[in-house]
Amino acid sequence: PEDGPYMIVAEALTGSMISLSWQPPPSYIGRSVADLEYEIRYTNRPSSDPSRWLAARVSGSRNTTLLTHLTSDQLYAIRIRPVNSFGQGPSSNSIVVTTKSG
């Protein structure tokens, strides 16, 4: 993909869960997303090497997901990038959100 998702929204729902939503890459609007996935990388150590961040994959037909089993009262940095059969698209800028305490 030549471009990444946009209008990314992250919201702490609890001390261990963050909700994410986004709009698909502009180049995919109105096109099939059969070969598209989103790679979501996240960490509570934003200064660490992004290749060491935790990763999750979401089908391209979805534009929401939940990050679970997180640590309460921690700042998390999150990046999303599209992936298809041709390779990886650009990562989004980091979105930062703090999980709720308790």
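The values are calculated or read from the model by the stated rules, or taken from the named source; none is laboratory data. Owing to the predicted nature of the structure, the values given are computational and were not obtained by experimental measurement. Neighbour counts are summed over all protein chains in view; Cβ atoms, including those assigned to glycine, are modelled from backbone coordinates with ideal geometry.
Brief remarks follow.
- Scanning segment 47-58 for residues that are part of a loop (DSSP other than H, G, I, E, B) and surrounded by 15 or more Cβ atoms within 10 Å (Cβ to Cβ) turns up just one, Trp53.
- The residue of segment 75-87 that is nearest to Met17 (Cα to Cα), among those that are surrounded by 13 or more Cβ atoms within 10 Å (Cβ to Cβ) and not aliphatic (A, V, I, L, M), is Tyr76.
- Here segment 78-93 is the region considered, the condition is being of a type in the set (A, V, I, L, M, F, W, C) and part of a strand (DSSP E or B), and the residue that is farthest from Glu2 (Cα to Cα) is Ile78.
- Lone qualifier among Glu11, Glu2, Glu39 - being surrounded by 12 or more Cβ atoms within 10 Å (Cβ to Cβ) and acidic (Asp, Glu): Glu39
- Beta carbons closer than 7 Å, at least 6 apart along the sequence or on distinct chains, pair a first residue in segment 88-102 that is under 27 Å from Gly60 (Cβ atoms) and modelled with pLDDT under 95 with a second that is among the acidic types (Asp, Glu) and in a loop (DSSP other than H, G, I, E, B) for Gly89/Glu2; Gly89/Asp3; Pro90/Asp3.
- Exclusive hit being closer than 22 Å to Pro1 by Cβ and either over 12 Å from the mean Cα position of the chain (by Cα) or part of a strand (DSSP E or B) (or both), set Gly30, Gly15, Gly102: Gly30
- Of residues in segment 15-33 being free of Cβ contacts under 8 Å to residues at least 60 places away in the same chain and polar (S, T, N, Q), the one surrounded by the fewest Cβ atoms within 10 Å (Cβ to Cβ): Ser32
- Taking segment 59-89 as the range and being under 11 Å from Tyr38 (Cβ atoms) and aliphatic (A, V, I, L, M) as the test, the residues that pass are Ile80, Val83.
- In the set Ser72, Ser61, only one residue is exposed (fewer than 13 other Cβ atoms within 10 Å of the Cβ), over 13 Å from the mean Cα position of the chain (by Cα) and either of a type in the set (D, E, K, R) or not in a strand (DSSP E or B) (or both); that residue is Ser61.
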